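The values are calculated or read from the model by the stated rules, or taken from the named source; none is laboratory data. Note that the structure is predicted; figures quoted are calculated from it, not measured. Reconstructed Cβ throughout: ideal geometry from the backbone, glycine too, with neighbour counts over all protein chains shown. With ligands, DNA and RNA removed, areas are computed over all heavy atoms of the protein, side chains included. Shrake-Rupley method; radii C 1.70, N 1.55, O 1.52, S 1.80 Å.
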Amino acid sequence: MSDRWRVIIIGGGFGGLGAARALKSASVDVTLIDERNFHLFQPLLYQVATGSLSPGEISAPLRSVLSRQKNVRVLLGKVVDIDPQSQRVLLADGASLEYDSLIVAAGAQSSYYGHEDWREWAPSLKSVEEATSIRTKILGAFEVAERLTDPAQRHAWLTFVIVGGGATGVELAGAIAEIARQTLKNDFRSIHPEEAQIILMDGGPRVLSAFPPDLAQKAERSLVKLGVQVRTGVMVKEIDKEGLTFQTHDGTKRLAARTVLWAGGVSASALGKTLANRTVAETDKIGRIKVDAQLTVANYPDLYVIGDLALSIDADGKPLPGVAQVAMQQGTYAAKAIVRKLQGEKEIAPFRYVDKGSLAVIGRWAAVANIFGLHIAGLAAWLVWAFVHLMNLVQFRSRILVFVHWAFQDLTFSRGARLITQSPTSEFNFDEEVASGGKDRADAASQTLSTR
């Protein structure tokens, strides 16, 4: 049995994978545990949800990515508990693993602010399954509308609401608008997809609140140009099968919309909540665990928490955002900190986040970017966005495939992954929805025959 230092990494996302790679040359034994056998490039998940890309093009098998790193083994499993006293992690299948250093990069989950029942009617975008479910809802809505004759029912099915005006919400809204206005405009005979109503709602005073105001305004103008209705200062009160109820300064209103998508906030994962209880760690209102300057939990110098689950403070005293570049930098730092400790260093320099900027794409050749304080928009920002995302894809094969798909899509407006992969009958209840329309047509036909 090896006497080398045992490092366990929970989570194969940006932070966890970055940590594993940074330990490539270290004399340690690394075990990476994840519920999935693949690394998912979440920033492009919305393109799976809107039919631009397939899941395999933004995912990479973890074993394949780390196959040449002989000090790493990958385990498929779900960690359900952590005992920081005995330094063990417990898996759902009962397996127990010991560690000398632990890096928790378990990520976060979507938050419905106490309204978990909304999840059934307004799916979020955190996993491949949710992305394909959203794709089914979007494309299926046009299919249902094609078979309806009642104008009110058809309008409800052609109304798409995205709740949350962050980068994900903006990107979803822009992509759905392009689907309706360009991709599907010649595909149907009974409806006009370009007449679909796309509404982006946010409770704040503007979309992209994390961006500088001038870029947020440019993004909103680009959305409006695509036909998206942007409604800010809106608080959602209820979501159900038929639509949603929301409150504005004018009072409470009801909107019939059969496709509502959730791009709201996040909260700590179940494992994060368990870890906070086990370590009696301080957390913020969404459950992130407070870490010190070395990204470790108080009183546990060998327990690192990184990425979306970590409440890490920057030099100005502000919490770091839950974005990929933060997780990647933290993963690399945690790995190097472990190595330095093993080399006998007693004083480990604090983590310093280097903010390289923020990006959001609105649509074809339209994006906004804040790069090291430089504000750019339009085609230039889109080129920066495309380059950064291509370079951050884990596998070279994925970069080539995504580049080819983007080039073809931007030249033709075609989306090659427009597949409804779930049963439309169970998802949309065609019989129920079309019943009234079919009856209307039968009655009309009967009346026509009786007058002849």
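Quick look at the numbers
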quantity: Leading residue by the ranking (surrounded by the fewest Cβ atoms within 10 Å (Cβ to Cβ)) among those in region 356-377 that are in contact with a strand residue (DSSP E or B) (Cβ under 9 Å, 6 or more places away or on another chain), without any contact (Cβ under 8 Å) to a residue 40 or more places away in the chain and not aliphatic (A, V, I, L, M); calculated: Lys356
quantity: Condition met for Leu271 (surrounded by 14 or more Cβ atoms within 10 Å (Cβ to Cβ), at pLDDT 95 or above, touching a Ser or Thr at 6+ places or on another chain (Cβ under 9 Å) and closer than 18 Å to Pro84 by Cα); calculated: no
quantity: Only one of Ser209, Ser190, Ser222 that is surrounded by 16 or more Cβ atoms within 10 Å (Cβ to Cβ) and of a type in the set (Ser, Thr, Tyr); calculated: Ser222
quantity: Filter pass, Trp385 being surrounded by 15 or more Cβ atoms within 10 Å (Cβ to Cβ) and out of contact with any helix residue (DSSP H, G or I) (no Cβ under 9 Å at 6 or more places or on another chain); calculated: yes
quantity: Segments classed as strands (runs of 3 or more DSSP E), wholly inside region 348-424, with at least 3 members that are closer than 27 Å to Gly331 by Cβ; calculated: 358-363, 366-371
quantity: Any hit, region 113-123, residues being open to solvent by 20 Å² or more (accessible area, probe 1.4 Å), part of a loop (DSSP other than H, G, I, E, B), among the aromatic types (Phe, Trp, Tyr) and at pLDDT below 95; calculated: yes
quantity: Qualifying residue in region 174-184 (condition: surrounded by fewer than 24 Cβ atoms within 10 Å (Cβ to Cβ) and under 13 Å from the mean Cα position of the chain (by Cα)); calculated: no
quantity: Qualifying residue in region 249-262 (condition: crowded, with 21+ Cβ neighbours inside 10 Å, at pLDDT 95 or above, out of contact with any helix residue (DSSP H, G or I) (no Cβ under 9 Å at 6 or more places or on another chain) and of a type outside the set (D, E, K, R)); calculated: no
quantity: Residue among Phe372, Phe351 that alone is modelled with pLDDT under 95 and among the aromatic types (Phe, Trp, Tyr); calculated: Phe372
quantity: Subset of region 193-206 that is open to solvent by less than 20 Å² (accessible area, probe 1.4 Å) and touching a helix residue (DSSP H, G or I) at 6+ places or on another chain (Cβ under 6 Å) - its residue that is nearest to Glu238 (Cα to Cα); calculated: Leu200
